[in-house]
Structures are given as C-alpha cells and as structure tokens.
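The values are calculated or read from the model by the stated rules, or taken from the named source; none is laboratory data. Keep in mind that this is a model prediction, so the values were computed, not measured. As a convention, Cβ positions derive from the backbone with ideal geometry for all residues, glycine included, and neighbour counts pool all protein chains shown. Heads up: the accessible areas ignore ligands, DNA and RNA and are worked out on the full protein's heavy atoms, side chains in. Shrake-Rupley method; radii C 1.70, N 1.55, O 1.52, S 1.80 Å.
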Amino acid sequence: MQAGFIGLGSMGEWMARNLAQAGFLSAVYNRTPAKATALAKELQVLAYDSPEALAAKVEVVFICVSADQDVIDIINAIVNTIKPDSIVVDMSTVSSATAILAAIKLAEKQVAFLDAPVSGGVEGAQKGTLSMMVGGETKTLCRVHPLLETLATRIIHMGPTGTGQGTKAVNQIMAAGINQAVTEALAFAAAQQLPLPKVIEVIGGGAAGNWFLEHRGLSMTQSVFKPGFKLALHHKDLKICQAMAKQNGASLPLIDVTVKDYTQLITDGYGDEDISALYRLKVKT
Ligand code: NAP
C-alpha cells in the first residue's frame, strides 16, 4: 500500500519519515513547498505541488495540518482526484464535526475516512510511539493498520467517525490541566529558591510524575520554550472543547482559565512558543 503525506510540520515530518522507513511512503506535499522538496529528496519519494496531484497517485492519504478549515480545504482539494477505494487518515486535531463532514464528502467518491488524532508530542512522532485514537469503520482501520503501526504503539478504535476527535478533545483538556499544574508548581518551587533540577527529578519519580514534567519541566525553568506543541495550536483545540461543552452541557472552568491565559500570551507574541510558555505567567517578574 503506497501512501502520500500532506502537512510536514513538527509532527508530520517525523511521521512521514517513519512511514518512509517502513517502505510505505511514495509522495509528500507541504503548503510551503521547500519543506516537501527537501524531505522528498532525502527520503527518495516524490514531492507534489498540490494536494490533488498527490491524492491522484496514492492509495492512502495522510493529513496532519493545523486546524479545521485547513483540513476542510485539503478535503475539498483532493475530493475530485482521489481514486475510489482509497483511504484518507486525518491525524490533525480538529472537531468531531469536521471529521464527520470530511467523511461524508469522501464517501460520495467511495473513499473511506478515519479521524486518527494522536498524542505523544514531537518526541512520540519522532520515535513512532504515539498514542492514536481512531474513529471510523473497523474494516478501514484493519486495512491501514500496518501503516499506523509505524507511527503509534497504541492504536485504539474508539467508535464511529468523530469519536477519535472527541477523545482527543478529552486529551487536550487533561493536557491543559497538567500544564496549569506543572507550570504553577515549578514557579512555586522557584519562588522558594529550591534546586529546580532536583525538584523535577524527585517529583518525576513519584505519584505526581508525568510526561509534561519529564519533557518540558527543566526547559521551562531555563526560559526555553521551543515547540514541541505550539501554544496557538493548543488554544485552537481548547476553543473546540469549549464549543463541544456548550453543546453537551459540560462545564470546563479549567479550560476557561487556560484559554484566557493563552489569549494573553498570544497577544504578547508567544503563540508560536511551546505550551510550557504558560510558565511566563506564573513566575514572579
Ligand atoms: P505545525 O508544526 O504548525 O505544522 C502545521 C502543518 O500544517 C505545516 O506543514 C503547515 O504548512 C500545514 N498547514 C497548515 N495550514 C495548511 C493549509 N491550509 N493547507 C495546507 N497545509 C497547511 O503543527 P504540528 O505541531 O505539526 O501540528 C499539526 C497538527 O497535529 C495540529 O492539528 C496539532 O494540533 C496536532 N498535534 C500536534 C502535536 C504537537 O505536539 N506538536 C501533538 C499532537 C497533535 P506550512 O509548512 O506551509 O506552514
């Protein structure tokens, strides 16, 4: 099965590399063409100058772009050229509604769709150890499972189309809470003038240890906020969670605070930094 990859950002580039290493990748596309040209040369695959040109040539189209409208734009572009019986796997973090819309548009062309958002950060994308939550038909998932195994060590079928993105929204709420807790706690440690590397080491081995503390704890205390996961993207995800909560009656006070904090950081020019830049608001200046 030959695949093409659309969206060679922080996550997509590593995913494309892992698919290529396993012999599944034959084509790439990126909105900024230089990235696609350079990677295609290195991986010895073809770089296409449009999503529709790529989709006409492969059996599986992977997408990993920023936001809802970006996914819709890609689907609208590929829907007229993609071959019947192909599969589109969208690993972007978007709303369940976007996943359902994409699936409907593609079904009209006899093309199957999976919403397959991931968690595990750039590190997980690089190592191929992501956790993947999948919505869509079981038979579609079975067909692409060998390809997904090059990207993720945990691949869980959540249910019909949209349930992958619904689960990812749950993940993003937890990630926001963890960010709030870790940044606030480490700023508190800094205010006590505790030795921060030791604080991170000892707490990381106990009940409060977590991925974010392990991978971003030290860097944030050194004022290094290289993404990682861009704060503006998490802000976009939390707005999706707020919209979903409005529909299903859930209450998300932690998310309301985090959206407010992120909005301030974006206004101050930190939207392209890692989400750990929340630490900026917590430390005494
Ligand atoms: P990123 O580094 O900002 O990359 C975004 C990619 O999408 C770039 O290749 C960009 O092209 C492309 N793109 C954006 N809008 C487009 C459009 N309208 N048409 C075509 N291409 C478009 O973002 P990322 O961190 O890789 O994240 C990608 C997705 O994965 C997001 O939905 C994010 O929420 C999700 N995610 C991220 C992480 C993480 O830790 N970073 C973890 C899990 C999930 P250009 O190169 O031209 O800008």
Subject >> Proximal charge balance of Lys109 [Cβ under 15 Å; K/R count +1, D/E count -1] >> reply: -2
Original post:
To the nearest 10 square angstrom, what accessible area does Val224 show with a 1.4 Å probe?
Top reply: 70 Å²
Subject >> Given charges at Cβ of Lys, Arg, Asp, Glu: the chain dipole, positive-most of Ile100, Ala112, Phe24 >> reply: Phe24
Original post:
Against the longest principal axis of the chain, how steep is helix 163-191, in degrees 0 to 90 to the nearest 10, with axes from Cα atoms?
Top reply: 20 degrees
**OP:** Only Lys, Arg, Asp and Glu count, each charged at its Cβ (+1, +1, -1, -1), so figure out the dipole size of the chain about its Cα centre, rounded to 20 debye.
**Re:** 220 debye
Original post:
Classify region 3-161: rounded, prolate or oblate, from the alpha-carbon gyration tensor (a ≥ b ≥ c, eigenvalue square roots; a/c under 1.5 rounded; otherwise prolate if a/b is larger than b/c)?
Top reply: rounded
Original post:
At a probe radius of 1.4 Å, what is the per-residue accessible area of Ile173, in Å² to the nearest 10?
Top reply: 50 Å²
**OP:** For region 1-91, report the accessible area per residue in Å² (1.4 Å probe, heavy atoms, rounded to an integer).
**Re:** 43 Å²
Original post:
With Cβ to Cβ distances under 14 Å as the rule, what net charge do the other residues near Thr37 carry (K, R +1; D, E -1)?
Top reply: 0
**OP:** Quick one: order Val202, Val144 from most to least accessible surface, probe 1.4 Å.
**Re:** Val202, Val144
Original post:
With every protein chain left in place, what is the accessible area of Lys109 in Å² (1.4 Å probe, nearest 10)?
Top reply: 80 Å²
Original post:
Can you give the helix-only mean residue ellipticity at 222 nm for the chain, where every DSSP H stretch with n ≥ 4 adds -39500 (n - 2.57) and the sum goes over all residues, rounded to the nearest 500 deg cm²/dmol?
Top reply: -16500 deg cm²/dmol
Subject >> Taking region 165-285 and dividing mean pair separation by its residue count, relative contact order in percent (alpha carbons under 8 Å, at least six apart) >> reply: 39 percent
Subject >> Charge-dipole axis of region 204-285 as Lys and Arg at +1 and Asp and Glu at -1 on Cβ define it, positive-most pick from Leu252, Ile266, Ile240 >> reply: Leu252
Original post:
Which whole-number percentage describes the relative contact order of the chain, with Cα contacts under 8 Å and a sequence gap of 6 or more?
Top reply: 14 percent
**OP:** Determine the sum of side-chain charges near Met91: Lys and Arg each +1, Asp and Glu each -1, restricted to other residues whose C-beta is under 13 angstrom from that of Met91.
**Re:** -3
Subject >> Solvent exposure, largest accessible area first (probe 1.4 Å, DNA, RNA and ligands not counted), of His235, His157 >> reply: His157, His235
**OP:** Could you look at the chain and say what percent of its accessible area is carbon and sulfur, using a 1.4 Å probe and all protein chains?
**Re:** 56 percent
**OP:** Sticking with the crude label model, points 7 Å out along Cα→Cβ, report the distance from Val224 to Ala190 in nm, one decimal please.
**Re:** 1.5 nm
Original post:
Under a 1.4 angstrom probe, counting protein chains only, how are Tyr29, Tyr270, Tyr262 ranked by accessible area, largest first?
Top reply: Tyr270, Tyr29, Tyr262
